[in-house]
Every structure is written in C-alpha cells, then in structure tokens.
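Notes to accompany the following structure.
The values are calculated or read from the model by the stated rules, or taken from the named source; none is laboratory data. Treat the numbers as computed from the prediction; the structure is a model and nothing was measured. Here Cβ is always computed from backbone atoms with ideal geometry, including for glycine, and neighbour counts include all displayed protein chains. Surface accessibility is based on the protein's heavy atoms, side chains included, excluding ligands, DNA and RNA. Shrake-Rupley method; radii C 1.70, N 1.55, O 1.52, S 1.80 Å.
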Amino acid sequence: MEAVRTELFDLTIVGGGPVGMFGATLASLHGMKVKIIESLPELGGQLYALYPEKPVYDVAGFPAVPAKDLALSLVAQMERYRPEVVLKESVETVEALADGTFLLHSNKGVHGTRAILLAVGIGSFLPRRIPAQGAESWEGKGLHYFVPPLDTFAGQHVLVVGGGDTAVDWALAVAGKARQVTVVHRRNEFRAQEDSVRQMHETDNINVVTPAEVEEILGADEVSGVRIRHQEKGSHELNVDAIIGGLGFHPDLGPVKTWGLELKGSTIKVAPESMMTTRPGIWAVGDAAFYPGKVKLIATGFGEVGIAVAQIRTFLHPGVSGLPHSTTLKNKNR
Ligand SMILES: Cc1cc2nc3c(=O)[nH]c(=O)nc-3n(C[C@H](O)[C@H](O)[C@H](O)COP(=O)(O)OP(=O)(O)OC[C@H]3O[C@@H](n4cnc5c(N)ncnc54)[C@H](O)[C@@H]3O)c2cc1C
C-alpha cells in the first residue's frame, strides 16, 4: 500500500541531476520548503551515472572539472540549505487536488506539493546498443556503455563506436590512459563538436576508421577483438581489449509522458520566459525541457532553473517577483 506523506512542500523537484539539484539549492535559498526525488540511489544524473570521470570544460567558473566532482559540488551546495532528499523513488503520476495543490505518486509513496519542477533529463539511462550481432552477450565482458574508471583502460587498445559527442569525448578521455584508441564510425563526417573532432584527429594514439561498422565482437570469455566492415575495403579483424559503445542514450520521459503535458518528441514543451509547461503549477528545466533554440547543456539548465524558480516564487507568493541576490540573503548563507 502507498505510504501517504501528508506534509505539504512548496516545491517538489523530480530528478536529482545537476539541474534538479541546482533548482533545489536556489528554491531553498529563496525560502521555499523543497523536496527533491531521484529514482537512482545516487544524486548527479548523467554526470554521476554516465560519465563520472570525464572532464567537463564548459561550466562557468570551472576550467576543467571531472563530472563526478561537479556532481558532488552540487550536492554539497544543495545540502547547505537542507532540502528533503528522497532517493530510489520514481515519480509516476500526478494528481491535481481541488485546493490547487498536487499529489505526486511514486513507486513507493505519495508526496504533497504546491508546485512541481520536472528535471527528469533524458529519463532512465537506456543506452543505444551497438548493432553488431550478439553484442548484448558481451556486456560486462569488455563491452561498456557505462564507462568504468579510466584507469581500467591503462595500457589497453580500446575501440570506441560512434560519431557523436559521446563517442568522441570518450575517445579523447580514454586516449590519456589507453595505449591505443580506435574510433569506428559508419560515416566519414562526425556529428560531435568541431573542436573535439579536430582534437581527435590530432591525437597520436587515436586511429579513426570510417565509414565502417562493427560486424562482430570476438573473444572467448572476454572481448579480445572485433571484425570491422569497412564500406569500401571490406572486412578485417582487429585485436582490442575493450569496447566502448558511444552511440548515446535513448531519451525517454517515462511515466511523465502520460501527464497530459504538451511534448516535443521526448521533451516537454515550456514557455521560455517562465519555463512553465502547458499545465499550470508544473515547470520543466534541463534536458527534459524544450523551447525554440534549446541547447542541452548543463550551463543552459542552470540558467533555466533560475527563471523557473523566480516564476515559482511568484506563483507561491503572488505580488513577489524576481530573485534577490544570494549575497543579500544573509541568514541563509551563514
Ligand atoms: C557522455 C556525455 C557527455 C556530456 N558532456 C557534457 C559537457 O561536457 N558539458 C555539458 O554542459 N553537458 C554535457 N552533457 C550533457 C549533460 O550531462 C546534460 O545536459 C545534463 O546532465 C542535464 O541535466 P538534467 O539535470 O537536466 O538531467 P539528468 O542529468 O539526465 O538528470 C535527470 C535525473 O532525473 C532522474 N529521473 C528521471 N525520471 C525520474 C522520475 N520519474 N522520478 C525520479 N527521478 C527521475 C534520473 O534518474 C536522473 O538522475 C553530456 C552528456 C553525456 C551523455
């Protein structure tokens, strides 16, 4: 039976990724009673679950920061203001009550709230698997979609599959530890950021094989090689110690899709001036939010959450607008 939690929060944030956590910091800092609900056992979203060791270069104020460290800093920043953190709980449905508040039903209980901020990102982290026949049987035996500590690859020959940012970023990160990195992509053109692609081509121990695909993974108990089919030169075998599937992840909003919000593919349409969804009282930010010109970056999400929290403050306290500077909130910053 669902445990009913009658305590009413001003704001409940669904999703404990970087954007949700920064939302919890801002909203708590500005006096709201905040709860943040995350389905995974750890906070940090994609930073912690997908690429903890990869350096992030484009978050303001950090020249280069490993994703995990950024996630931990966001946790520490948020914890100063003591929002209620609920882990290992997945929010499933929303119920609007006659008094204008909401009940959020999760797989474990019910949460009362006056406003909702959806920071659900790309939803559950379902990797796009490499299309080689039988590839699924190599997961955990040298084929990685969730990349382990980079030291795992020290001295190895690592094959990275894909042509977008995920693949190219991994190739560059792993090249610092591995003996050799081979990148296989089915097109000659890479979709990753131009600068990263240039860096990849200039890195001595990265070899790029295009247009080509992995036909088969070879090995006894563990991955020891692959058969690559080059579109012009035919098939050849290559000895490798590990494979990173860098084709990205399937975005999927999960149960939020059924909430009656206007969607754009696997994202939620919001008004960019408020970040509110098409349902009053429900806002969306970060990778989950869509508006024309949207860019899926941590920095963008941080900006969006500032707009959303200001609007939520006005929603909760009509007549109050904007957000005062944090430096003026003396009591909160002790
Ligand atoms: C390999 C890779 C490299 C990247 N590099 C960079 C980079 O260098 N710079 C940059 O700016 N961005 C980068 N990004 C993108 C960046 O990680 C995302 O933009 C960012 O994580 C979005 O944050 P978010 O909080 O919106 O969502 P997420 O990080 O996806 O977090 C959402 C959280 O919500 C939780 N959740 C989902 N549904 C529910 C539910 N129903 N109930 C409870 N919890 C739920 C999920 O478990 C997840 O923890 C990269 C992404 C990848 C995959």
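Just a few scattered comments:
- The modelled label-to-label distance between residue 321 and residue 257, using points 7 Å beyond Cα along the C-beta direction, is 3.9 nm.
- Beta bridge orientation in the chain: antiparallel %, DSSP, nearest 5: 45
- Under the Karplus curve 6.51 cos²θ - 1.76 cosθ + 1.60, θ = phi - 60°, whole-Hz ³J(HN,Hα) for the stretch 235-247, x wherever Gly or Pro sits: 8, 8, 9, 9, 7, 9, 9, 7, 10, 10, x, x, 8
- Using the Cβ of residue 172 as centre and a radius below 13 Å, the other residues enclosed give a net charge of -3, where K and R count +1 and D and E count -1.
- Within the shell defined by Cβ-Cβ distances under 14 Å, the residues around residue 240 carry a net charge of -2, with Lys and Arg each +1 and Asp and Glu each -1.
- Karplus-derived 3J(HN,Hα) values for the stretch 263-274, using 6.51 cos²θ - 1.76 cosθ + 1.60 with θ = phi - 60°, are 10, 10, x, 9, 10, 10, 6, 10, 7, x, 6, 9 Hz; glycine and proline are entered as x.
- Stretch in the chain that is longest and holds no GluC sites (Glu not before Pro) that DSSP places in a loop and that have at most 12 other beta carbons within 10 Å: 3-188
- Just the protein heavy atoms count here, and of the accessible area of the chain at 1.4 Å, carbon and sulfur take up 51 percent.
- FRET efficiency, residue 151 to residue 203 (Cβ-Cβ, R0 22 Å, nearest 0.05): 0.70
- For residue 159, the residues whose amide H sits under 5 Å from its own are 182, 241, 242, 243, 244, ignoring neighbours fewer than 5 places away on the same chain, with H placed 1.01 Å from N.
- Span from the the stretch 262-334 Cα centroid across to the the stretch 240-255 one, whole angstrom: 28
- Among 88, 233, 108, the largest mean-square fluctuation in a Gaussian network model of the chain, built with springs joining Cα atoms closer than 10 Å, belongs to 233.
- Residue-count net charge about residue 124 - beta-carbon cut-off 15 Å; Lys, Arg +1, Asp, Glu -1: -2
- Solvent-accessible area per residue in the stretch 129-247 equals 49 Å², computed with a 1.4 angstrom probe and all protein chains kept.
- Cα lying deepest toward the dipole's positive end in the stretch 129-247, options 137, 176, 188, charges on Cβ: 188
- Between the stretch 118-159 and the stretch 1-69, the alpha-carbon center distance in angstrom: 24
- Relative contact order of the chain, pairs being alpha-carbon contacts under 8 Å that are 6 or more residues apart, as %: 18
- Along the stretch 204-212 the Karplus relation, 6.51 cos²θ - 1.76 cosθ + 1.60 evaluated at θ = phi - 60°, assigns HN-Hα couplings of 4, 9, 10, 10, 9, 10, 9, x, 8 Hz to successive residues, with x for each Gly and Pro.
- Rounded to the nearest 20 debye, dipole of the chain from Cβ charges on Lys, Arg, Asp, Glu: 940
- Choice from 252, 58, 195 showing the highest fluctuation, given a GNM over the chain with Cα pairs closer than 10 Å: 195
- Per-residue ellipticity at 222 nm from helix content only, as computed over the chain with -39500 (n - 2.57) for each DSSP H run of at least four residues, stands at -6500 deg cm²/dmol.
- Within the chain, helices built from complete DSSP H runs that reach 24 Å or longer along their own axis (Cα positions) and carry a mean Kyte-Doolittle hydropathy of -1.0 or higher are 298-316.
- Within the stretch 84-217, DSSP assigns beta bridges of which about 45% are antiparallel (rounded to the nearest 5).
- Distant-in-sequence amide contacts of residue 115, defined by a placed amide H-H separation under 5 Å and a gap of 5 or more residues or a different chain, comprise 11, 12.
- For the chain, a Gaussian network of Cα nodes joined below 10 Å ranks 118, 26, 316 by mean-square fluctuation, and the top entry is 316.
- When the charge dipole of the stretch 255-322 is built from unit charges on Cβ atoms (+1 for Lys and Arg, -1 for Asp and Glu) and taken about the Cα centre, the candidate among 259, 307, 284 whose Cα reaches farthest toward its positive end is 259.
- Interchain or long-range residues, amide H under 5 Å from residue 191's placed H: 164
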